[in-house]
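Enquirer: Right, I'll just put the structure down here and ask away after.
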2 protein chains.
Amino acid sequence: MEYSIDNALEILERTPDTLIHLLSNLSDAWIYSNEGEETWSPYDILGHLIHGEKTDWVTRLEIVLNDGGNKTFHPFDRFAQFEDSKGKTMTQLLDEFKSRRAKNLAHLRSLHISKDQYELKAMHPSLGEVTLKQLMSTWVAHDLGHIAQITRVMAKQYKDQVGPWLEYLSILNR
Amino acid sequence: MEYSIDNALEILERTPDTLIHLLSNLSDAWIYSNEGEETWSPYDILGHLIHGEKTDWVTRLEIVLNDGGNKTFHPFDRFAQFEDSKGKTMTQLLDEFKSRRAKNLAHLRSLHISKDQYELKAMHPSLGEVTLKQLMSTWVAHDLGHIAQITRVMAKQYKDQVGPWLEYLSILNR
């Protein structure tokens, strides 16, 4: 499947409502449990997605489109959510993610990025040269990957409950 | 996390709307693409979830609760959806899943299953003895596992688009 702004937007605009329907008003045990030490709960993952909307995707997009000299991305802080989410409820995180995403997609649409511009390059601090098309595609795959992670983390809370079905449920053995 | 009917229902009742928000009105390429030969697309997975509502979860639940002699489950047909879904749109599948799930959960609630009844046993055709609690927990984990699978299948459609980010996106390497 080739990248296009239309099929990328289809996913990016659906993620907030998908997460709202998956995660709103769930019991704490579903929201705050993780997969073990140094792994993330659905609550942690929501905070990570918000941090991406605040500091990563659109900021990097602007760096690539900017004509200036030093087109190097700042490293992304993968642990910022542990500070940023403090004191917030899951409902607040879901609302914040939805409004930040909507604002970012409105901005993205307003840029009317051309086919040529998608080939523009910048430097990733660890990965080296990347294109705008790769950045946009990664934003999409990152959303889908974290929905998969959230549901895997939740499924694992029942790992000890499914008895012999454990061998059929590959999600519980990842 | 211990199984309880309340925390199981929280997941089971959310799955249809989660999938509706994830999958409604997407382009065909997102819906009909799979992970390669003999793997399933999101469309195939929806058909599989519907077949579970029609023939598996509640039917098995009734077998366990039934006082009769031969408490053995019928094998589940994991390929029925390739015939059953023929000619149906994704929207029709999403609607059918939602209405069948709602009906099944209303029936489940009406049974007022007791704590003791959750320990009742039946024979799985391949796995041997299982309890009603294990069946119910598996229904929940099965939902979450298939949401994870759907988003993984979708993410993989961009595998060739993300460039060097491939190494960071573990979902694309599963």
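The values are calculated or read from the model by the stated rules, or taken from the named source; none is laboratory data. All values derive from a computational prediction rather than experimental measurement. Here Cβ is always computed from backbone atoms with ideal geometry, including for glycine, and neighbour counts include all displayed protein chains. The protein model used for the area step is the full one, side chains on, heavy atoms only, and it has no ligands, DNA or RNA in it. Shrake-Rupley method; radii C 1.70, N 1.55, O 1.52, S 1.80 Å.
Enquirer: Given the peptides A:90-103, B:8-21, arrange them by the average over their residues of other C-beta atoms within 10 Å, most packed first.
Expert: Numbers: A:90-103: 17.4, B:8-21: 19.9.
So the peptides A:90-103, B:8-21, ranked by packing, come out B:8-21, A:90-103.
Enquirer: If you don't mind, another one. Which of A:N104, A:N25, A:N34 moves the most in a Gaussian network model of chain A with Cα springs under 10 Å?
Expert: Highest fluctuation of the listed residues: A:N25.
Enquirer: In square angstrom and rounded to 100, what buried accessible area do you get between chains A and B, total over both, with the probe at 1.4 Å? Intermediate results must be reported in sequence, preceding the final value.
Expert: On the way: alone 10290 and 10330 Å², together 15750 Å².
Counting both chains, the buried surface is close to 4900 Å².
Enquirer: Under 28 Å between C-alpha atoms is the cut-off here; go through chain A and count lysine pairs that meet it, provided they're at least eight residues apart or on different chains.
Expert: Step by step, the pairs that qualify in chain A add up to 26.
Enquirer: Taking the 0 to 90 degree range and rounding to the nearest ten, how far is the long axis of helix B:132-156 tilted relative to the main principal axis of chain B, both from C-alpha atoms?
Expert: The angle comes out at about 10 degrees.
Enquirer: Could you tell me the calculated FRET efficiency between A:E83 and B:N34, based on Cβ-Cβ distance and R0 = 30 angstrom, to the nearest 0.05? If you can, show how the numbers build up before the last one.
Expert: Numbers: r = 40 Å, r/R0 = 1.34.
So, using R0 = 30 Å, E works out to roughly 0.15.
Enquirer: Work out Dmax and Rg for chain B from the C-alpha atoms and quote the Rg first, both in angstrom.
Expert: Cα radius of gyration and Dmax of chain B are 17.8, 60 Å respectively.
Enquirer: Any idea what angle helix A:5-23 forms with the longest principal axis of chain A, computed on alpha-carbon atoms, 0 to 90 degrees, nearest 10?
Expert: 30
Enquirer: Grab the DSSP H runs of chain B that are 4 residues or longer, score each as -39,500 (n - 2.57), total them, divide by all residues and round the 222 nm result to the nearest 500 deg cm²/dmol. Working shown, then result.
Expert: Values: 7 runs with 98 residues, N = 174.
Mean residue ellipticity at 222 nm (helix-derived): -18000 deg cm²/dmol.
Enquirer: Would you mind calculating the relative contact order of chain A from Cα pairs under 8 angstrom and at least 6 residues apart, reporting the percent as a whole number? Don't skip to the end; give the middle numbers.
Expert: Details: 158 pairs, mean separation 52.7, N = 174.
Computed value for chain A: 30 percent relative contact order.
Enquirer: Give the percent of DSSP beta bridges with both residues in the protein assembly as shown that are antiparallel, rounded to the nearest 5.
Expert: Values: 8 of 10 bridges.
Roughly 80 percent of the beta bridges in the protein assembly as shown run antiparallel, per DSSP.
Enquirer: Once the Cα atoms of helix B:42-55 and of chain B are each reduced to a long axis, what angle between those two axes, in degrees from 0 to 90 to the nearest 10, is obtained?
Expert: That works out to roughly 10 degrees.
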